[in-house]
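Structure record follows, encoded as structure tokens.
The values are calculated or read from the model by the stated rules, or taken from the named source; none is laboratory data. Worth saying up front: this structure is predicted, and the values here are computed from it rather than measured. Every residue, glycine among them, receives a Cβ derived from its backbone with ideal geometry; neighbour counts consider all protein chains shown. Accessible surface is based on the protein model in full, side chains and every heavy atom, while ligands, DNA and RNA are left aside. Shrake-Rupley method; radii C 1.70, N 1.55, O 1.52, S 1.80 Å.
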Amino acid sequence: MNGFEIVSTIVVMNVVYVSLFTIRIILVMKARRLLAALISMAEVFIYLMALNIVLKNIDEPINLAAYCLGWGAGVWLGIKIEEWLALGYTTLQIVVDHEANLLPLQLREKGFGVTSWLAEGRDGPRLVMQVLAKRNQEKNLMKLIENIAPKAFVISYEPRTFRGGFWTKILKR
């Protein structure tokens, strides 16, 4: 291989390796054991092949730079792939002025499960809602909230387990 081919191979292999690494970590966090194990085998194979190429050609600083470039690009690509996959669920806690009391109904009409209750804020009564959605629906849900209640205070977080309620019936389907 010539110098350009070596550099290109190192970059591409590291992009693939680090992207797989990122996806595997996410799968481990989501308890997807089998898929994470399978990906880890491909990941370590690619890692060892790329490292072998770098070590055989360590006398060229450009190869080390290529390794670093591939690593950074792999992190970026891994994050983009994770965003595209959007595995799992998200919970949004939404706080609005009490006057926006139609928001739970509007969200339910769009297919979201909503639990709501009255609360007391610094400036008076508030309506608090908890909405569980698939992560791949989170952006659409946020846009919907922005359109219906632009002043809403929204916190998003990822639940790890569910038990009981509206969603467990849907999840078993």
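Summary of values
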item: Net charge, residue 141 excluded, C-beta distance under 11 Å - Lys, Arg +1, Asp, Glu -1; result: +3
item: Exposure ranking of 9, 91, 115 by accessible area [1.4 Å probe, largest first]; result: 115, 9, 91
item: For the stretch 1-89: Kirkwood Rh in Å [reciprocal of mean 1/r, alpha carbons]; result: 13.5 Å
item: Stretchable slack from residue 155 to residue 41, in nm (0.36 nm times residue separation minus alpha-carbon distance); result: 37.4 nm
item: Choice from 58, 79, 46 showing the highest fluctuation, given a GNM over the chain with Cα pairs closer than 10 Å; result: 58
item: Rounded, prolate or oblate (a/c below 1.5 giving rounded, otherwise prolate when a/b exceeds b/c) for the stretch 59-114 by Cα gyration tensor; result: prolate
item: Förster radius 25 Å - calculated FRET efficiency between residue 110 and residue 30 (Cβ-Cβ, nearest 0.05); result: 0.45
item: DSSP H segments from the chain that extend 30 Å or more along their own axis, Cα-based, with Kyte-Doolittle mean of -1.0 or above; result: 3-29, 33-56, 61-85
item: Highest-MSF residue in the chain out of 59, 97, 123 [GNM, Cα springs under 10 Å]; result: 123
item: Cα centroid of the stretch 87-147 to Cα centroid of the stretch 11-36, whole Å; result: 33 Å
item: Built amide H within the under 5 Å cut-off of residue 88, gap 5+; result: 135
item: Cβ-Cβ FRET estimate between residue 148 and residue 65, R0 fixed at 45 Å, reported to 0.05; result: 0.35
item: Label corresponding to log10 I(q)/I(0) by the Debye sum over Cα atoms at q = 0.09, 0.10, 0.15, 0.20 Å⁻¹ when calculated from the structure given, among (1) -0.50, -0.58, -0.86, -1.20; (2) -0.37, -0.45, -0.88, -1.27; (3) -0.27, -0.33, -0.79, -1.51; result: (1)
item: Calculated FRET efficiency for the pair residue 79/residue 99, C-beta based, R₀ 41 Å, to 0.05; result: 0.60
